[in-house]
Amino acid sequence: MEKDIKQNRAWIEINLDNLNNNIEQIKSIIPKDTKIMAVVKANAYGHGMVKVAKYLNRIGINNFAVATLSEGIMLRKKGIKGNILILGYTDLKNIKYVITYRLIQTIVDYEYAKEIEKLDLKQKLKVHIKINTGMNRVGENYKNIDKLAKIYKIKNIKILGTYTHLCSSDSLNENDVLFTRNQIENFYNCINTLKRLNCNIGKIHIQASYGVLNYPELQCDYVRTGIIMYGVYSNYKENTKIKLDIKPVLSLKAKITTLKEIAKGETIGYGRTFVADKNIKIATVGIGYADGYPRNLSNQNTEVLVNGEYATIVGRICMDQLIIDVSNIKSIKREDIVTLIGKEEKISAEKIASKSGTITNELLSRLGNRLEIITLN
Ligand SMILES: *Cc1c(COP(=O)(O)O)cnc(C)c1O
């Protein structure tokens, strides 16, 4: 791309000071010896994986988690230092690349470990063993001690860690808390049994963001934090045991491209879903659902911020553009900047996600790759 094409249409702004603040906030509640494993999968939840990881390296974070082999390779190619754990499955034929790029593979179950045992690898494959304690996604079941113990004896793998994942740690509902406490207890019982069987379990980790917020007392080697590191909660107005002073890292911005007056009775956009009930002034903004701004925010009184004031989206959101009612905005002109997701409550990621029927994790990670990512500070 031409170097001077910046902020042409729609973009993401990343506030690295806020990322630093969030890291400090997380550190302030985890035990002194526990390290942050920064979850940077899915382009760092839309924030730009390489930029985020480089900055985290600079402020002393040396443990990362990604979902896929390609994400891990990308980090290494861009010079990211430290441990990089692949949380998901890697095809057996590609396991060699996990070694080439000095990544760490998750062992997703006993059968996978046995297939890896058959591979002719030039070096031991570094792995973390995943134990399933109730999520029922990946991991060998905690009850299968025999199978688990056999994994620890496999010759061509080097076991650096053992972990599990909680499936209801975000809820403070009594049943969910009981279930989570059971998951934690079953995990610890399982690793204690494995230790007695002389298995070297390596580092242990259990908590993602909500595990940290609701079960901060756990003493693990790592916490795998994603969403709270980016300064947002998954849901709008959510209750958690610990409340952190986290600050959103990402803002979503776009420019006004055209302004026009609409007479009472005229309609706006596809399907003529919005009918002006009085004369209004509207502006077209250069961002649409192909950029990841959800189309189901159409005609929902969704607000955006322009020149310090709120305007409402009118008519259907299009693939590349959307239209806002700017009748009440005092001063406005072409190329003025519109903020669609930002730190203000009405346009917070939590509010926008909940309005569109999802969680911030999905909203942010789906922000399109057509958006340029600009780092502040
Ligand atoms: C994505 C993921 C995380 C991070 O979850 P957050 O809720 O965003 O902190 C942690 N662990 C695993 C296994 C994951 O897949």
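The values are calculated or read from the model by the stated rules, or taken from the named source; none is laboratory data. Predicted, not measured: the structure shown is a model, and the values here were computed from it. Cβ placement follows ideal geometry from the backbone for every residue including glycine, while neighbour counts extend to all protein chains displayed. To get the accessible areas, we keep the full protein, side chains included, count just its heavy atoms, and leave off ligands, DNA and RNA. Shrake-Rupley method; radii C 1.70, N 1.55, O 1.52, S 1.80 Å.
Per-structure values
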item	result
Residue in the stretch 236-258 that is open to solvent by 40 Å² or more (accessible area, probe 1.4 Å), under 19 Å from the mean Cα position of the chain (by Cα) and hydroxyl-bearing (Ser, Thr, Tyr) present	yes
Pairs, first farther than 16 Å from Ser28 by Cβ and in a strand (DSSP E or B) in the stretch 202-229, second near the ligand (Cβ under 9 Å from one of its atoms) and among the β-branched types (Val, Ile, Thr), C-beta under 6 Å, six or more apart	Arg224/Val39
Given (1) under 28 Å from Ser209 (Cα atoms); (2) of a type in the set (A, V, I, L, M, F, W, C); (3) touching an Asp or Glu at 6+ places or on another chain (Cβ under 8 Å), index of the condition Leu363 fails	(3)
Positions within the stretch 302-356 being at negative phi, in contact with a Gly (Cβ under 8 Å, 6 or more places away or on another chain) and not basic (Lys, Arg), in sequence order	Leu305, Val314, Ile317, Cys318, Met319, Asp320, Gln321, Leu322, Ile323, Ser348
The listed residue being within 16 Å of the ligand (Cβ to nearest atom) and under 28 Å from Val50 (Cα atoms), out of Ile337, Ile359, Ile287	Ile359
Per-region count, the stretch 235-290, residues polar (S, T, N, Q), within 20 Å of Val304 (Cα to Cα) and assigned to a loop (DSSP other than H, G, I, E, B)	2
Residue count for the stretch 204-219, restricted to those that are within 13 Å of the ligand (Cβ to nearest atom) and open to solvent by 10 Å² or more (accessible area, probe 1.4 Å)	2
Val177 β-branched (Val, Ile, Thr), within 23 Å of Asn361 (Cα to Cα), at pLDDT 95 or above and part of a loop (DSSP other than H, G, I, E, B)	no
Helices (runs of 4 or more DSSP H) contained entirely in the stretch 45-148, each with at least 3 residues that are surrounded by fewer than 16 Cβ atoms within 10 Å (Cβ to Cβ) and free of Cβ contacts under 8 Å to residues at least 24 places away in the same chain	110-118
